[in-house]
Amino acid sequence: MKRRYLMTPGPSPVPAVIREALATEIMHHRTDEFIEILKETNEGLKYVFCTKNPVLTLASSGTGAMEAAVTNFFSAKDKVLVIVGGKFGERWAEITKSYGLDVVQMDVALGESPTVEGVKKMLDANKDIKGIFTTLCETSTATVFDIKGIASLTKDKNILLTVDAISGLGQDALLTDEWGVDVVITGSQKGFMLPPGLAFMSVSEKAKGFIKTSTLPKYYFSLAKALKSYEKNDTPFTPAVNLIMGLKISIDLIKKDGIENMWANFRKMSLAAQEAAKALGLEVFSKHPSSSLTAIVAPSGINAKDVVKKMRKEYGVSIAAGQGELEQKIFRIAHMGWINGQDLMMCFSLLEKVLRDCGYTNFKLGASVAKLQEVIYG
Ligand SMILES: *Cc1c(COP(=O)(O)O)cnc(C)c1O
């Protein structure tokens, strides 16, 4: 039997204290005891999201909240700008088109971040744009987008800014209220150190106004209903009770570390992983690397999928291959949630072995680990 090591950008590892909380005896959700827990997690989520606005907890994976953002804030034929720089930008385009929105798409080269001037140009050319859908960390290319810059264009206008921060939240800095981001979405299985199954979504005052005018159909994901229950620390439907018990512990852990310290710590891990890749003579794929994961270009002649497969098969270490056209070209190593510097050292030491087994020998054994030691612990 092999131990399993998750170094993937979701699901990410779950610490024992959270696993224990998940295993507590199930309690009924319409009780004072559970309402107390929801009250605490509702407050705690505001801290993690850097907002004073409500943060809803939904029983779905992250994509459920993405769909809810489209159906609750907009109506068919509304013109929206969708920024596409990889697989998850594409997901916004697919959802908005599915619901008949009038989609203006801004394509960004893979591994690049949209420029504020570029976004401004799109808004200037399309005066009737009602909303922008974008991504904090485009996980498919491990690229962080300039959300602060984009928010500066929408902050004082009646344009709703919705950010998919599913992989980025907790690692890449995101000052929701200070920057003026209206809607921030994440899921439980990445920075929150929880199993998959919960989605979270912050809703600004501006966003509440958009809910009032939206005419797209919704039922399970009615945010009006969810907000009404939220005011009473309740949920419209049966919540994922035990995941929320785990969430309570997750928030405690995050508060103990401090969100700003987490951003600094993951920034350092990202820089260390980039340096470690370079020490192996490899190229970092992204031009604006995220703090949540690092995408590394496979050596020429070596299929990234083989590296990923060997890591899992030989050593039980899960890393991710590329997606779409990058599938065979890059592999991605996550540093989010519970993943720490020791995990990175373990992962890179085995990566060295696997690269050698694949026939790439253009580095000194231990070179990447030495770099990690230097940057993280030096
Ligand atoms: C993981 C991820 C998603 C998908 O979320 P699900 O929980 O699988 O629905 C969406 N966007 C980004 C940026 C992600 O990294």
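The values are calculated or read from the model by the stated rules, or taken from the named source; none is laboratory data. Keep in mind that what you see is a predicted model, and the values were worked out from it rather than measured. So basically every Cβ, Gly included, is an ideal-geometry build from the backbone, and we count neighbours across all protein chains shown. Note: accessible area is taken over every heavy atom of the protein model, side chains too, but ligands, DNA and RNA are not part of it. Shrake-Rupley method; radii C 1.70, N 1.55, O 1.52, S 1.80 Å.
Under the combined filter of DSSP loop state and at most 15 neighbouring Cβ atoms within 10 Å, the range 248-286 retains these GluC sites (Glu not before Pro): Glu283.
Between Ala65, Ala125, Ala226, the Gaussian network model of the chain with springs among Cα atoms under 10 angstrom shows the greatest mean-square fluctuation at Ala125. Could you tell me the calculated FRET efficiency between Lys120 and Tyr99, based on Cβ-Cβ distance and R0 = 30 angstrom, to the nearest 0.05? According to the calculation, E is roughly 0.70. Between the range 287-331 and the range 16-35, the alpha-carbon centres lie 37 Å apart. Applying a DSSP loop filter and a limit of 12 other Cβ atoms within 10 Å to the GluC sites (Glu not before Pro) in the range 6-84 leaves Glu25.
Spacing of the modelled spin labels on Lys268 and Asn340, each 7 Å from Cα toward Cβ, amounts to 1.2 nm.
The charge dipole of the chain, taken about the Cα centre with unit charges on the Cβ atoms of Lys, Arg (+1) and Asp, Glu (-1), comes to about 480 debye, rounded to the nearest 20.
Binning the alpha carbon pair distances of the chain at 10 angstrom intervals from zero yields the distribution 5, 24, 31, 24, 12, 3, 0, expressed in whole percent.
For the range 110-213, which trypsin sites (Lys or Arg not before Pro) pass both filters: DSSP loop (anything but H, G, I, E, B) and at most 16 other C-beta atoms within 10 Å? Display every interim value, and only then the final one.
Working: sites: Lys120, Lys121, Lys127, Lys130, Lys148, Lys155, Lys157, Lys190, Lys206, Lys208, Lys212; in loops: Lys127, Lys130, Lys155, Lys157, Lys190.
Answer in residue order: Lys127, Lys155, Lys157.
Taking amide H positions as modeled 1.01 Å from N, with prolines and chain starts lacking one, the residues under 5 Å from Leu136 and 5 or more places away or on another chain are Asp164, Ala165, Ile166. Take the chain and mark each of the chymotrypsin sites (Phe, Trp or Tyr not before Pro) that is in a DSSP loop with at most 14 other Cβ atoms within 10 Å; the longest unmarked stretch, sites excluded, is 1-218. Count Lys and Arg as plus one, Asp and Glu as minus one, and take only other residues whose Cβ is under 15 Å from that of Met245; the net charge is then -3.
Tally Lys/Arg at +1 and Asp/Glu at -1 over every other residue whose Cβ is under 15 Å from the Cβ of Lys212; what's the total? Numbers along the way, then the final one.
On the way: positive: Lys130, Lys206, Lys208, Lys218, Lys225, Lys228; negative: Asp78, Asp182, Glu205.
With Lys, Arg at +1 and Asp, Glu at -1, the net is +3.
Simple spin-label estimate for Glu178 and Lys127 gives 3.5 nm between the two label positions (7 Å along the Cα-to-Cβ direction from each Cα). On a per residue basis, the range 85-206 carries 33 Å² of accessible surface, using protein heavy atoms and a 1.4 Å probe.
Going through the cross-link list Lys39/Lys206; Lys225/Lys256; Lys155/Lys248; Lys127/Lys268; Lys228/Lys268, which pairs have a Cα-Cα distance over 29 Å in this structure? Please report the intermediate quantities before stating the final value.
Numbers: Lys39/Lys206 24 Å; Lys225/Lys256 33 Å; Lys155/Lys248 31 Å; Lys127/Lys268 41 Å; Lys228/Lys268 41 Å.
Check vs 29 Å cut-off fails for Lys225/Lys256; Lys155/Lys248; Lys127/Lys268; Lys228/Lys268.
Taking the Cβ of Arg30 as the center, what net charge do the other residues with Cβ under 15 Å away carry, scoring Lys and Arg +1 and Asp and Glu -1?
-2
Keeping the other protein chains in place, figure out the carbon and sulfur percent of the accessible area of the chain, with a 1.4 Å probe. Intermediate results must be reported in sequence, preceding the final value.
Values: 8290 of 15890 Å².
On the chain, the fraction of accessible area on carbon and sulfur atoms equals 52 percent.
Accessible area per residue for the range 2-41, computed on protein heavy atoms with a 1.4 Å probe, is 66 Å².
Would you work out the relative contact order for the range 16-257, in percent, from Cα pairs under 8 angstrom that are 6 or more residues apart? Write out the running numbers ahead of the final one.
Numbers: 461 pairs, mean separation 72.4, N = 242.
RCO, the range 16-257: 30 percent.
Reported to the nearest whole Å, the Cα centre-to-centre distance from the range 51-66 to the range 131-169 is 16.
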